[in-house]
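Report on the structure given below.
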Amino acid sequence: MQDIAHGEEDFVRYDSDVPEGEKIGATKECAVKLGYDDVMELVRRRPPHTRTYEVASDVLERLPLDTSPTLRRMSDAEVEELAEYLATSSGSIVGPLKVIDHQCGHCDRVTTFLDFVKTAVDDGHHDREKLRNILAGTGGAWITIRGADGGRPVRCARCDSDVQLLPDGGGEYSEYSSSSYAYA
Ligand SMILES: [Zn+2]
C-alpha cells in the first residue's frame, strides 16, 4: 500500500505516483480514486489519521458496511431534518441512509447522519455544499476511514454534547453509510 496524499482539505485523493514527502491533495490531473482493495487494506492496517478518501463508484456497495446489525435505517423525518440542514430537499438525497443505533446521553436525541454531518461542517472537516452534492449522488463517492487516532468526534446536533459511540479503541465498525458516503 502506498502512502496516502495529504491535502490541506480533509477530502484527499490517492496518488501512487507522487514521491514520498511530496504528496498533494486533490488535483484532478493526478487524482486516483481508491479501489476496493485499497480501502480494505486501509481498514486492515489503519493509517495514523482519520481521513476521507474519494473512492471508485462501485466501492461502497461492495463494502460490507451495511451488514452491521448496529446500523439502522433513518426515518423519513430524520432524512427531512438532514435535508433542511443541507438546504436541499429530502428527495434529492440518495438513500438509503443508515446510521448507528444510538441516543445522546445528555438530551436523548436519537443520533442520525445529521449529527456526523453537522460536527464535520462545524469543525471544518467538510464543506456543507460539497456534502450536499455527495449525498445527492453528484459529488462522487467518498469514505471516511477511521485511523489509529480513534476516529472523528461527533457531537449531538441538538445539545452539542460529545456523543460517545464506543469506548476508546473501538473495534471494527461503521457509524453510518449511504450509497455515496460511508464510514469504516
Ligand atoms: Zn444531545
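Bear in mind these aren't lab numbers, they're just calculated from the coordinates by the rules spelled out. These numbers were taken from a predicted model, which means no experiment stands behind them. Note: ideal-geometry Cβ built from the backbone for every residue, glycine included; neighbour counts use all protein chains shown.
Let me check against my output: what whole-number percent is the relative contact order of the stretch 75-184, with C-alpha pairs under 8 Å and at least 6 apart? Provide the component values of the computation, followed by the final result.
On the way: 151 pairs, mean separation 34.0, N = 110.
Computed over the stretch 75-184, the figure is 31 percent.
Testing the spin-label approximation: label points 7 Å from Cα along Cα→Cβ at Ala148 and Ser89. State their distance in nm.
In this crude spin-label approximation the distance works out to 4.8 nm.
Express in whole angstrom the spacing between the alpha-carbon centres of the stretch 39-57 and the stretch 101-138.
20
Can you give the FRET efficiency for Met40 and Thr138, using 1/(1 + (r/R0)^6), R0 = 35 Å, r = Cβ-Cβ distance, to the nearest 0.05?
On the way: r = 26 Å, r/R0 = 0.75.
The pair Met40/Thr138 has a calculated efficiency of 0.85.
What is the spin-label model distance, in nm, from Asp76 to Asp123 if the labels are put 7 Å beyond Cα along the C-beta direction?
Placing both labels 7 Å beyond Cα along the Cβ direction yields 3.3 nm.
Taking the Cβ of His106 as the center, what net charge do the other residues with Cβ under 11 Å away carry, scoring Lys and Arg +1 and Asp and Glu -1?
On the way: positive: Arg109, Arg155, Arg158; negative: Asp108, Asp160, Asp162.
Local charge sum for His106: 0.
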